[in-house]
Amino acid sequence: MTLKTALETEYVSSGIVGLDQVLNGGFLRNGFYLLQGDPGSGKTTMALQFLLQCSGVDGPCLYITLTETIRDLQRTCASHGWNLNNITVADLTRSDANRPSVSQYTVFQPSEVELGLTVDAIVAEVDRVQPKNVVFDGLAEMRLLSGDPLRYRRQMLALKDFFEDREITVLLLDDRTSAMGEIQPESLVGGNIVMEKFLPGYGGARRRLHVTKVRGANFRDGYHDYDITRGGVVVHPRLIAAEHHERFDRDEISSRLPALDSLYGGGLQLGTTTLMLGPAGVGKSTITMKYVASALESGRKAAVYTFDEVLNTLFERSEKLCDDGIRKYVASGQLYARQIDPAELTPGAFAHEIRNSVEERGAELIVIDSLNGYLNAMPEEKFLPTHLHELFSYLNQKGVLTIVVVAQHGLLTGTSEMDVSYLADSVLLFRYFEANSEIRQAISVFKKRTGSHERSLRELRINADGLHVGEPLIGFRGIMTGVPQYMGVSISEGERPN
């Protein structure tokens, strides 16, 4: 064997969206892998996906089971729209070792006889089918049959040598329901994947996996969220923004409101993140959708994710912001809009959804409305600021304009649940104030990293005619507190307050 041949690595696709990326190519051919997880974590589904993928590429595949019967496997396949026609199943749940007629032993311990019968059955099935890829579902049963750690370890090493000599890629399944002293099963294999499932205080089950080792290959470490849907397991690889540096033109998206663009010193720049910050109902989402409408009318693609508002309501109040209405852009595919179910979301799944909008749908503008809904969707997550930092960095490096709506608590001034202003390149601040016996709205640019901006406040009016941003408000102080004091000069309409 030459040095070049020895260093070449050949992979077998897992057949699972996202997992090949985590494994940097898939399972090593002829590798001996362990898939650990509690019952219900999706091990069987993942194993079936692997064999279904291999059956159309590598030829014969074998599923050896000591736990689930062939009828159980058929039910699993039916739930995903699959079938077992191209996979040979060795159902050893009803082997001779488990029959009453041979399970009464007088001289030998049950483990000595039953283990030998089970191993002989496995060897016979492999020799009969001659598979290139095998799933062995029953590692916990092997531990019980072995009886003691030494016999278990020797038997597993013998099976490993057996499969390696026949150049077979093997995936072992372990439900972790039975321990074997100090021996950890991952010490006997070349690769180990751990699947976890837990229930939050509210909402559906959350699932994640991590790879602890792969001998002879690199992998993406850390936790990766995954979902089980009809069609199988979908893995959402952990987002690493540093891997996505790209060159792009620093174009701007105008609001097409001259006073607002003047306040900002121009439009919002691609490759930046903007926060729309203010109390509820002050106009944050409306201004945001004005930028979306402007981007759509200039031929750009956009994606809007709403947590707090149903799509029909969002569309209805956004129709007046577009000359021809906003729904036609949804129908044409130029605008992708999705209402997020807050009870069925993980940070990894949301990041994966946004990546699809950017890399597959070609969106240049991403809207998250609102950050409060995002936080409420994942109340038990401990590292959401870190997730957001990676997500915003990724979008900035892809040349995408990101607009995030943040609702503050309190009617006039308010505070936010989590200070993420440091993550944003610019912040548009919204405030209520009282003047002339009216509740009015004011906007100002609080922060802008990419250039100069006005320091003034301007009045914002939203009425049946649409959006209006007035001239700078002068002659007042205390507008930011909600209770302005008149200093001798009128407000933007030229009316002195009562």
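The values are calculated or read from the model by the stated rules, or taken from the named source; none is laboratory data. Keep in mind that this is a model prediction, so the values were computed, not measured. Every residue, glycine among them, receives a Cβ derived from its backbone with ideal geometry; neighbour counts consider all protein chains shown.
Can you find even one residue in region 224-241 that is over 21 Å from Leu345 (Cβ atoms), modelled with pLDDT under 95 and not aromatic (Phe, Trp, Tyr)?
Checked region 224-241: no residue is over 21 Å from Leu345 (Cβ atoms), modelled with pLDDT under 95 and not aromatic (Phe, Trp, Tyr).
Restricting to region 427-455, name every residue that is surrounded by 18 or more Cβ atoms within 10 Å (Cβ to Cβ) and hydroxyl-bearing (Ser, Thr, Tyr).
Tyr432, Ser444
I'm checking my understanding of the structure. Among residues of region 457-485 that are out of contact with any helix residue (DSSP H, G or I) (no Cβ under 8 Å at 6 or more places or on another chain) and among the acidic types (Asp, Glu), which one is nearest to Val427 (Cα to Cα)?
Step by step, filter region 457-485, then rank; the result is Glu459.
Can you give me the number of residues within region 228-263 that are without any contact (Cβ under 8 Å) to a residue 24 or more places away in the chain and touching a Ser or Thr at 6+ places or on another chain (Cβ under 7 Å)?
1
Return the total of residues in region 324-333 being surrounded by 19 or more Cβ atoms within 10 Å (Cβ to Cβ) and not in a helix (DSSP H, G or I).
Number of matching residues: 1.
Quick test for you: out of Asp161, Asp175, Asp225, pick the one residue that is free of Cβ contacts under 8 Å to residues at least 24 places away in the same chain and either among the aliphatic types (A, V, I, L, M) or out of contact with any Cys (no Cβ under 9 Å at 6 or more places or on another chain) (or both). Before the answer, list the steps.
Working: Asp175 fails: free of Cβ contacts under 8 Å to residues at least 24 places away in the same chain; Asp225 fails: free of Cβ contacts under 8 Å to residues at least 24 places away in the same chain.
Criteria check complete, one pass: Asp161.
Return only the number of the condition from (1) at pLDDT 75 or above; (2) over 30 Å from Thr346 (Cβ atoms) that Phe392 does not satisfy.
Here Phe392 meets the rest and fails (2).
For Arg207, state whether it is at pLDDT 90 or above and over 24 Å from Thr313 (Cβ atoms). So that I can check it myself, show each step before the final result.
Values: at pLDDT 90 or above: yes; over 24 Å from Thr313 (Cβ atoms): yes.
In short, yes.
Taking region 78-102 on its own, how many of its residues are in a helix (DSSP H, G or I), crowded, with 18+ Cβ neighbours inside 10 Å and modelled with pLDDT of 70 or more?
Total meeting the criteria: 0.
Just to confirm my filter: which strands (runs of 3 or more DSSP E) fall fully inside region 188-256 and include at least 3 residues that are surrounded by 14 or more Cβ atoms within 10 Å (Cβ to Cβ) and among the hydrophobic types (A, V, I, L, M, F, W, C)?
Output list reads 191-198, 206-214, 232-236.
Taking the criterion of being assigned by TED's automatic domain parsing to the domain that holds Ala47, in contact with an Asp or Glu (Cβ under 7 Å, 6 or more places away or on another chain), among the hydrophobic types (A, V, I, L, M, F, W, C) and on the phi < 0 side of the Ramachandran plot, would at least one residue in region 245-268 satisfy it?
Checking region 245-268: not a single residue is assigned by TED's automatic domain parsing to the domain that holds Ala47, in contact with an Asp or Glu (Cβ under 7 Å, 6 or more places away or on another chain), among the hydrophobic types (A, V, I, L, M, F, W, C) and on the phi < 0 side of the Ramachandran plot.
What are the residues in region 125-154 that are in a helix (DSSP H, G or I) and of a type in the set (A, V, I, L, M, F, W, C), if any?
Within region 125-154, Val126, Val129, Leu139, Ala140, Met142, Leu144, Leu145, Leu150 qualify.
Just name the residue that is surrounded by the fewest Cβ atoms within 10 Å (Cβ to Cβ) out of those in region 269-281 that are touching a strand residue (DSSP E or B) at 6+ places or on another chain (Cβ under 6 Å) and closer than 21 Å to Gln408 by Cβ.
So in region 269-281, the residues touching a strand residue (DSSP E or B) at 6+ places or on another chain (Cβ under 6 Å) come out as 269-270, 273-280.
Next cut, closer than 21 Å to Gln408 by Cβ only: 273-280.
Working: Thr273: 25, Thr274: 24, Leu275: 24, Met276: 27, Leu277: 25, Gly278: 26, Pro279: 19, Ala280: 15.
Among them, the one singled out is Ala280.
Consider only pairs whose beta carbons are under 9 Å apart and that are at least six residues apart or on different chains; among these, list those whose first residue lies in region 1-20 and is within 17 Å of Val233 (Cα to Cα) and not assigned by TED's automatic domain parsing to the domain that holds Gln49 and whose second residue is buried (at least 16 other Cβ atoms within 10 Å of the Cβ) and at pLDDT 85 or above.
none
Before we move on, is Glu182 more than 23 Å from the chain's Cα centre (by Cα), part of a loop (DSSP other than H, G, I, E, B) and either outside the structural domain of Leu92 (by TED's automatic domain parsing) or at pLDDT 90 or above (or both)?
Details: more than 23 Å from the chain's Cα centre (by Cα): yes; part of a loop (DSSP other than H, G, I, E, B): yes; either outside the structural domain of Leu92 (by TED's automatic domain parsing) or at pLDDT 90 or above (or both): no.
So Glu182 does not fit the description; no.
Applying the selection to region 296-306, what residues are touching a strand residue (DSSP E or B) at 6+ places or on another chain (Cβ under 8 Å) and either surrounded by fewer than 24 Cβ atoms within 10 Å (Cβ to Cβ) or more than 25 Å from Gly373 (Cα to Cα) (or both)?
Leu296, Ser298, Arg300, Lys301, Ala303, Tyr305, Thr306, listed by residue number.
Against the definition (modelled with pLDDT under 95, loosely packed, with under 14 Cβ neighbours inside 10 Å, out of contact with any Leu (no Cβ under 7 Å at 6 or more places or on another chain) and among the small types (Gly, Ala, Ser)), how does Gly147 come out, yes or no?
No; evaluated as a whole, the condition is false for this residue.
Return the only residue of Ala331, Ala377, Ala337, Ala343 being under 18 Å from Leu296 (Cα atoms) and under 19 Å from the mean Cα position of the chain (by Cα).
Ala337
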